[in-house]
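Have a look at the structure below, then the notes.
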Amino acid sequence: MLGLKLPTDPRWVEIAKKNIGEILIDHAWCEQKAASTAVSLIVTFPEYSELVTAMTALVREEMAHFKLVHDKLLERGITLGWDRKDEYVIKLREFFPKGGSRVTQLIHRLLIAALIEARSCERFRLLSEELQEPELREFYRDLMISEANHYSLFLNFARQYGDRAKVDQKWQELLTFEAEVMKDLGKNESIHG
């Protein structure tokens, strides 16, 4: 369903299991960044009323997820700590050239957001299957479903606002690029790393 061309290295799950506190911290920041992305789309593309409406709902949902993850940290006696750079997202943003029409910029941002959500969904599925704690397994299963919905939301908006054939071609090219990026990741205790 997600179309990812390279699955996560199984060793990532072992790293995550041994460093669940770090995973939760990184995850909390990912939720905050997802909310910020939705706000940014509202601010940058206010003329797309349907997108603004959807992103408004998404901001609320992502911040609710942030709170859920933050609550998990507090339950474990872990403070949020500082945000970290997400090398995965930084690399993805390098794929599309800067500039172009507003529609092109929107399509590119939507495709990158869709891919981030798809990879998060895949990682959450792994956590839901492999973690030892039943509560965390269920937690990540529920969030996996949300990420799948967000992936579809962003990809569908890209297809709605752009030429479907061109959007699908860009999507496939981005997926291929992401597979190359993933070859160098999966070695640290972060959601995408």
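Structure notes:
- Options Phe66, Phe45: the member that is modelled with pLDDT of 95 or more, farther than 21 Å from Arg119 by Cα and buried (at least 16 other Cβ atoms within 10 Å of the Cβ): Phe45
- Residue within the stretch 162-174 that is of a type in the set (Val, Ile, Thr), part of a helix (DSSP H, G or I) and closer than 14 Å to Ala118 by Cα present: no
- Taking the criterion of being of a type in the set (D, E, K, R), within 16 Å of Leu4 (Cα to Cα) and touching a residue at least 60 places away in the same chain (Cβ under 8 Å), the residues of the stretch 122-172 that qualify are Glu122, Arg123, Lys170.
- Residue in the stretch 182-192 that is modelled with pLDDT under 95 and either more than 19 Å from Val13 (Cα to Cα) or part of a helix (DSSP H, G or I) (or both) present: yes
- Complete set of residues in the stretch 78-109 that are of a type in the set (Lys, Arg), in contact (Cβ under 8 Å) with a residue 40 or more places away in the chain and not in a loop (DSSP other than H, G, I, E, B): Lys91, Arg102, Arg109
- Residue that is surrounded by the most Cβ atoms within 10 Å (Cβ to Cβ) [pool: residues in the stretch 94-122 that are among the charged types (D, E, K, R) and closer than 18 Å to Glu31 by Cα]: Arg119
- Output for the stretch 35-76, where each listed residue is basic (Lys, Arg) and in a helix (DSSP H, G or I): Arg60, Lys67, Lys72
- The residues on offer are Leu58, Leu73, Leu24, Leu51, and the sole one that is surrounded by 17 or more Cβ atoms within 10 Å (Cβ to Cβ), under 21 Å from Asp168 (Cα atoms) and modelled with pLDDT of 95 or more is Leu51.
- Residue in the stretch 137-154 that is nearest to the chain's Cα centre (by Cα), counting only those that are over 19 Å from Val59 (Cβ atoms) and surrounded by 18 or more Cβ atoms within 10 Å (Cβ to Cβ): Met144
The values are calculated or read from the model by the stated rules, or taken from the named source; none is laboratory data. Here the structure is a predicted model, which means the values were calculated and not measured. Counting neighbours? That spans all protein chains shown, and the Cβs are built from the backbone with ideal geometry, glycine included.
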